[in-house]
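Novice: Have a look at the structure that comes next, please.
The values are calculated or read from the model by the stated rules, or taken from the named source; none is laboratory data. Fair warning: this is a prediction, and the values are worked out from it, not measured in the lab. Note: ideal-geometry Cβ built from the backbone for every residue, glycine included; neighbour counts use all protein chains shown. What goes into the accessible areas is simple: the full protein's heavy atoms, side chains included, and nothing from ligands, DNA or RNA. Shrake-Rupley method; radii C 1.70, N 1.55, O 1.52, S 1.80 Å.
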Amino acid sequence: MGSAEGVAARRYGLVTLCSALLFALVTWQVAARGAVRGLDERLGRAVATSAVPRPPAQFLADLGNTSVALPVLLLVAVWAGCRLHRGAGGAAGARRRAWLPPVAALVTLAAVPALVVPFKVWLDRPGPPEMAGSHEGFFPSGHGATAAVAYGLVALLLLRAGAARRTHRLERRADGRKAAASPGAWLGAAGTVLLNAGVGLGLVRQGYHWPLDVLGGWCLAGVLLPLWCVVCGRWGGRVRATGRTIDESGRS
């Protein structure tokens with residue numbers, strides 16, 4: 001692994017570690033009925049009775065449903081896979097590796113319930129008053145984790161496909177310049193953060209979850225998304241300024 005890839009892997013590892021530690025801290029507070037859990041429930045009741053309009057809050061909360069998030073991710077994964085496949089050049093190995101990021105994205109989303117359900121069963125946290133009598137086990141929020149992972153992966157796939165398209169244009173022009181980071185990448189990141197903040201607000205406003213439930217779901221996303229980046233950076237090939245996907249041995 002080259003120096004740049006090593007630095008990126010360490011950064012992703014740091015994000016994963018911080019997310020895991022924060023998740024452990026929040027889980028401890030929920031399980032031990034700590035002071036943070038008391039503040040969390042007071043904040044949740046305040047948000048649920050706030051003036052935030054219910055229709056848009058319900059719409060945002062519904063974006064965390066798997067029936068909504070999965071089709072969106074699937075559509076973007078297929079599009080990104082086709083784009084990366086076309087930009088991979090003539091090497092058969094590079095074309096096969098081009099499909100790793102989309103496939104890994106779907107596997108990553110499938111891992112969400114595998115992580116969420118055991119904690120729900122173990123902690124068995126009661127939900128807000130609006131959910132009384134429905135079921136137990138509200139921490140972490142599956143809807144919050146699903147939205148954060150699915151729409152985070154959508155942004156990452158679009159960013160990767162966009163980078164491949166820009167470097168492919170440079171290859172055709174053969175001017176040797178490097179592909180600059182697109183302003184759309186920053187807009188996509190900001191949009192993803194705002195979207196997930198809206199989903200979290202909707203879940204709490206509608207009384208489906210406490211705020212710490214949503215935070216727990218986001219922490220799980222903070223573990224899964226960097227792992228996806230590491231896997232794709234290591235085995236999915238990387239796009240250089242020539243526009244070709246190159247494996248770790250340097251073969252195109």
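Novice: Calculate, for region 1-132, the solvent-accessible area per residue in square angstrom, rolling a 1.4 angstrom probe over the heavy atoms of the protein chains.
Specialist: Details: 7470 Å² over 132 residues.
On a per-residue basis, 57 Å².
Novice: Taking 0.36 nm per residue of separation and subtracting the Cα-Cα distance, what length does fully extending LEU43 through ALA114 add? Spell out each step's value before the answer.
Specialist: Working: separation 71, 0.36 × 71 = 25.56 nm, distance 2.85 nm.
Between LEU43 and ALA114, full extension yields an extra 22.7 nm.
Novice: So how strong a dipole does region 1-88 carry about its Cα centre when Lys and Arg Cβ are +1 and Asp and Glu Cβ are -1, to the nearest 20 debye? List each step's numbers first, then the result.
Specialist: Details: 9 positive and 4 negative charges, 15 e Å.
The dipole of region 1-88 has a size of about 80 debye.
Novice: Please compute the net charge surrounding GLU41, taking Lys and Arg as +1 and Asp and Glu as -1 over other residues with Cβ under 14 Å from its Cβ. Working shown, then result.
Specialist: On the way: positive: ARG33, ARG37, ARG42, ARG45, ARG125; negative: ASP40, GLU130, ASP213.
Spelling it out: positives minus negatives among the neighbours equals +2.
Novice: Give me the percent of the accessible area of region 40-134 that comes from carbon and sulfur atoms, probe 1.4 Å, all protein chains in place.
Specialist: On the way: 3690 of 5120 Å².
Whole-percent figure for carbon plus sulfur exposure: 72.
Novice: Between VAL72 and LEU25, what is the FRET efficiency for a Förster distance of 22 Å, r being their Cβ-Cβ separation, to the nearest 0.05?
Specialist: Working: r = 31 Å, r/R0 = 1.42.
Once rounded, the FRET efficiency stands at 0.10.
Novice: Still on this model: What is the calculated FRET efficiency for GLU130 to ARG96, with r their C-beta to C-beta distance and R₀ = 45 Å, to the nearest 0.05? Don't skip to the end; give the middle numbers.
Specialist: Values: r = 49 Å, r/R0 = 1.09.
Plugging the Cβ-Cβ distance into 1/(1 + (r/R0)^6) gives 0.40.
Novice: Report the extension gain between ARG33 and ASN65 in nm, rounded to one decimal, defined as 0.36 nm multiplied by the number of residues separating them, less their alpha carbon distance. Mind dumping the intermediate values first?
Specialist: Details: separation 32, 0.36 × 32 = 11.52 nm, distance 2.82 nm.
So the extension gain works out to 8.7 nm.
Novice: OK, next. Using 0.36 nm per residue, how much length does the chain from TRP122 to ALA197 gain when fully extended, once their Cα-Cα distance is taken away?
Specialist: Details: separation 75, 0.36 × 75 = 27.00 nm, distance 2.64 nm.
That pair, TRP122 and ALA197, stretches by 24.4 nm at full extension.
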